[in-house]
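Throughout, read-outs are computed from the coordinates displayed, never taken from laboratory work. For clarity, every value in this text was computed on a predicted model and none was experimentally measured. All Cβ positions, glycine included, derive from the backbone under ideal geometry; neighbour counts span all protein chains shown.
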Amino acid sequence: MERKKTIYFTCITTIFGFMFAVGLQTTSHPKIRDTRDIWELRADLKTEQQLQRQLLLEMEDYEGKLRDYKQKQRSNQEAVLRETVRELEQEAGLTKAEGPGVVLRIEPFYSDNYVGPITETVSPELLQRLINELNMYGAKEIAIADERITNTTAIRDVNGITKIGDRKISSLPIEVKVISDDAEMLYNRLNVSTIRDDFIVENLQLTISKPLAMVVIPPSHEKWNVKYMETVKAKKEEK
């Protein structure tokens, strides 16, 4: 019996001790209460509102910078596109060309004792041979009788008359304007070339000017017939 009483007493004492420790812990760490008065709360609220306004202003600033960046990006794309179009127009001969070069003159040539028909035009074959020679010596742009020569320019014989594109070459003399990055080299190579002999065979004289600092070649007047292309409506950019 004594032993059971001791065990009961020990258990009860332990329980009371545990409850006492919990109560003591609770009283030693009370809940912290907000003791600020109304004026302090208003001041804190005002500070938070100012911080919010500042954050909104910063967001607007960043959004504006983003819009400017996108606008510049679109402008750069448009500038690149315009530059590409300009380069393509230059390659197609649709713009005026200027630069150093030489001017060739084609005119009739007859010896004093010549008896025979009078040459009034230049054959397409001879003009094509001249163009090939000029291209081989570094010509960038060529115009014959102010008719721009491009990759699509047709030089042909129509009823005994030479036509360059849509223009008839029915009278002499005519000028051949040539632009080159190295006009001096072009001049020297033409002077030692046999191309002038080819012209003499057809009773024509080819005269080559000294290198010029500026030669102006007009744009092409060819009409472009597009058969297999049509315009397409541009799609809106995805945001």
Practice task
Mind listing the long-range amide H neighbours of LEU204? Cut-off is under 5 Å, sequence gap 5 or more, other chains count too, H placed in the peptide plane at 1.01 Å from N.
Solution key: PHE109
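Quick check for me: using +1 on Lys/Arg Cβ and -1 on Asp/Glu Cβ, what's the dipole size of the stretch 36-91 about its Cα centre, in debye to the nearest 20?
Roughly 160 debye for the stretch 36-91.
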Fill in the blank from the handout: Quick P(r) readout (the stretch 87-183; Cα-Cα; 5 Å bins; whole %) gives 2, 12, 22, 23, 18, 12, 6, 3, 1, 0, 0
Handout entry: Shape call, the stretch 140-211: gyration tensor on alpha carbons, a/c limit 1.5
Key = oblate
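I'd like the FRET efficiency for ASP181 and LEU94, computed as 1/(1 + (r/R0)^6) with the beta carbon distance as r and R0 of 35 Å, rounded to 0.05. Display every interim value, and only then the final one.
Numbers: r = 21 Å, r/R0 = 0.59.
After rounding, the FRET efficiency stands at 0.95.
Once fully extended, how much extra length lies between GLU83 and ASN188, figured as 0.36 nm per residue of separation less the alpha-carbon to alpha-carbon distance? Please report the intermediate quantities before stating the final value.
On the way: separation 105, 0.36 × 105 = 37.80 nm, distance 3.50 nm.
Additional length available on full extension: 34.3 nm.
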Practice task
Step through the residues of the stretch 152-162 one at a time and calculate ³J(HN,Hα) from phi using the Karplus curve (6.51 cos²θ - 1.76 cosθ + 1.60, θ = phi - 60°), rounding each to whole Hz and writing x for Gly and Pro.
Solution key: 10, 6, 8, 10, 8, 9, 10, 6, x, 10, 6
Handout entry: Residues whose placed amide H lies under 5 Å from that of ARG148, excluding near-sequence neighbours
Key = HIS221
